[in-house]
Every structure is written in structure tokens, then in C-alpha cells.
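Quick notes on the structure that follows.
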Amino acid sequence: MSSNKMMMALLIAGILMTSCKTMKTIPDSYNFTVKESRGNPYGCWTVLNINSLQNGLVHDTIAGEFVCMDADTIYLLVGDRIVRPIYSGSVLNAQLYTHKNQAGTYFTITSLFLVPNLIGSVVVAGEFAGDILLLGIPMAVVGITHIIIESSAHRNILNYPGKNILDEFKMFARFPAGKPSNIDLNQLMLKPRGK
């Protein structure tokens, strides 16, 4: 195998390895695309680690849709018609998932741009096959770089107490202005699958 073919094979293997890294912590119905996250009537999925002394537990993890936040209380919809109020002072750390991680999209785009190079090298299969593969290296390098950055930077996650404060989570709630007086929160439903 020539060095050009070896280098292209390594780049393709790098793309495949970086795209296989997935994080499955939120339901599919709350894994919004970037387009869906604009004007979305639902709140974003949130995972809270709290200091709790109930049932003999010191730490508890609660996950659900971020409904709203008052001065000292966070409301999470943890199930259909089940809203859990959490005292914000008990929150040790929190993650709010704003939209789907885009590493898979970058993988698809990079792969589609490399297909003509791979087909060309197979069709030619002569002395210029390595040169055709070499033409795809810049695209592969850019694609791999974007995949690594997107999968490791977690731009789609707000972290408390890291880079964010809890007040910044409000804009991603179902009711960003706070608890509405005319709505019974215990009648809310989670976002159905496929909608």
C-alpha cells in the first residue's frame, strides 16, 4: 500500500472513530436539532445533581424537562403530569442540553465530500489512484477537526457551576418568564416521541 493510500485510510479511520462517540443521556424527543430549538414550545432536557437528605440519600440525580424557575425553585417535568420542585440552593451541579450535538452532521458532510475521491481512486486504480486520494486529505483534516471540536467542546450543554449560572438556564425553559399563574403545572405532558 502506498503512503498516500495509507494516509487516506488513517484519515477515514479517524473520522469513523470520532463519529462513533455518542452521548445518550436525553430522550430522543428532547434531542432537538438546531432548527427545532428555535421557537420550541417545550423546555430543554436538564439533569440536576442535588444535595438531598430524603430517604437517607445525600446526593440525588433528577432529570426532566426544564419547565420554569422562580427566585429559589426550579421546576422539572420528570414524567407526564409530574412536576418536581427543587430548591435551587440544593443544586450541586446541572447540565442543560440545548440541542443535538452536531458531530454526526459533520461526519456525514465530510464523508459525502470524500466519496468522489474514493470512487475516483477505485475507478482509476492505477498510478494516479493515490493522487486522487491525496486530494481528499484537506477535506478530511478539516472534517476530523470539526468532529473532534464538536464532540469534545459540548457547545450544546450549559453547565452549572462551570461556565454558567442557574439564571442563564431560564431562557431554555418552557416558561422562561417564570411560573404562570393560570396554568396548573401538574397537568403538563412531556413532549411525545416523533413530534
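No lab work stands behind these numbers, since they all come straight from the coordinates. From a predicted model like this one, the values you see are computed outputs, not experimental measurements. Because the Cβ atoms are built from the backbone with ideal geometry, glycine has one as well, and the counts that use them run over all protein chains shown.
Couple of notes before you dig in:
- The order of the peptides 170-181, 137-148, 39-50 by mean Cβ neighbours within 10 Å, most packed first, is 39-50, 137-148, 170-181.
- Within the straight-line cut-off of under 19 Å between alpha carbons, the aspartates and glutamates reachable from residue 163 are 150, sequence neighbours fewer than 8 places apart in one chain being disregarded.
- Under 13 Å from the Cα of residue 179 - aspartates and glutamates, other chains or at least 8 residues apart: 70, 72
- Here the simple spin-label model places points 7 Å from the Cα toward Cβ, and for residue 124 and residue 90 these points are separated by 6.6 nm.
- For residue 190, the amide hydrogen comes within under 5 Å of the amide hydrogens of 80, 81, counting only partners 5 or more places away or on other chains and with H modelled in the peptide plane.
- Placing a label point 7 Å from the Cα of residue 113 along the Cα-to-Cβ line, the residues of the range 130-144 whose backbone N sits under 12 Å from it are 136-144.
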